[in-house]
1. Tell me whether segment 225-243 contains one or more residues that are among the basic types (K, R) and in contact (Cβ under 8 Å) with a residue 12 or more places away in the chain.
2. Could you list all residues from segment 88-99 that are of a type in the set (D, E, K, R) and either within 22 Å of K50 (Cβ to Cβ) or outside any helix (DSSP H, G or I) (or both)?
3. Within segment 58-78, which residues are farther than 30 Å from N10 by Cβ and either buried (at least 24 other Cβ atoms within 10 Å of the Cβ) or basic (K, R) (or both)?
4. Return only the number of the condition from (1) over 24 Å from G128 (Cα atoms); (2) loosely packed, with under 13 Cβ neighbours inside 10 Å that K88 does not satisfy.
5. Of the residues I168, I141, which single one is buried (at least 21 other Cβ atoms within 10 Å of the Cβ), in a strand (DSSP E or B) and under 21 Å from the mean Cα position of the chain (by Cα)?
6. From the residues in segment 228-257 that are among the small types (G, A, S) and within 13 Å of G194 (Cα to Cα), which one is surrounded by the fewest Cβ atoms within 10 Å (Cβ to Cβ)?
7. Failed condition for H280, given (1) surrounded by 19 or more Cβ atoms within 10 Å (Cβ to Cβ); (2) modelled with pLDDT under 95; (3) in contact with a strand residue (DSSP E or B) (Cβ under 7 Å, 6 or more places away or on another chain), with all others met?
8. Kindly provide the set of residues from segment 100-117 that are over 19 Å from K203 (Cα atoms) and either among the hydroxyl-bearing types (S, T, Y) or part of a helix (DSSP H, G or I) (or both), ordered by number.
Amino acid sequence: MTIDRIILDNFEIHCLRDGYFHLDGGAMFGIVPKILWEKKCGADSKNRIKLGLNSMLINTRKELILVETGMGAEIDQKFFDFYSVERKPGLIASLQKLGFQTEDINFIINTHLHFDHCGGNTLRDEKGEFVPTFPKAKYIIQKGEWEYALNPSERDRESYLTQNFLPIEKHGLLQLMDGNAEISKGVEVLLVPGHTSHHQCVKVCSEGKVLFYLGDLVPTSAHVGLSYVMGYDLFPLDTIKSKKKIFEQAIEEDWILFFTHDPFYFFGKVKKIKNKFQFHTFGDFISHRN
């Protein structure tokens, strides 16, 4: 059974899945040869691997904070087919299953503004215009990421779809962060460069326990090894440096880690064995839910 809920002392953490999509395995593992990465992730006939679109809902008992919004429903058929998107159950349906509506969310945190992390930020209204999906939420985005998304390079221009983020500013819901910042008591965003120059992760702390949302720093459990870095990363050496720093602290302080694209595991931990970082599942304090 996949663990999709944990109690972090005063906080309740839920995993929501917007669905799945498929990306080229070689691009997902960069310089690591296929003979190594295919032992961790099997590829289809087109050399693609299956990835999850995993969001995290933090219930602090006072506020609801949603981290990432997946691809959303407003992608055209060509895009849908190219990535073999499977939108089941979908983010909003997953949220409603927990008894929450889009109006209940207080904060949205996007680690960055690539389409697979913020596509659910917006939807079309009855007039066909894009509007914020979560009308009462503040959308937390790094200032540097926002500025880059407005004028991306030719290398990653296709990853930024302005329909996913410009309506947020138009409707007055944009809240830009300039580096590390506390969003709510016990929930903070940390600038962790590598995938993009202003990629942010999310650290959740409650009564000494820590959960860390990795974003695209470490997209799946198969990417825990330091050299397992995506070809999509703009600054791969920074990714390696950031991974090592985060992992060392996670091991020392016994953090729980959340993987944004793993198709099987939402949560896990990292151990260092013979000077190599390895992924491990974890413990008895986890609450299971069917």
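The values are calculated or read from the model by the stated rules, or taken from the named source; none is laboratory data. Keep in mind that this is a model prediction, so the values were computed, not measured. Counting neighbours? That spans all protein chains shown, and the Cβs are built from the backbone with ideal geometry, glycine included.
1. Scanning segment 225-243 turns up at least one residue that is among the basic types (K, R) and in contact (Cβ under 8 Å) with a residue 12 or more places away in the chain.
2. K88
3. Hits for segment 58-78 are M71, G72, K78.
4. Exception for K88: condition (1).
5. Exactly one residue qualifies, and that residue is I141.
6. G231
7. Here H280 meets the rest and fails (1).
8. Scanning segment 100-117 gives T102, E103, D104, F115, D116.
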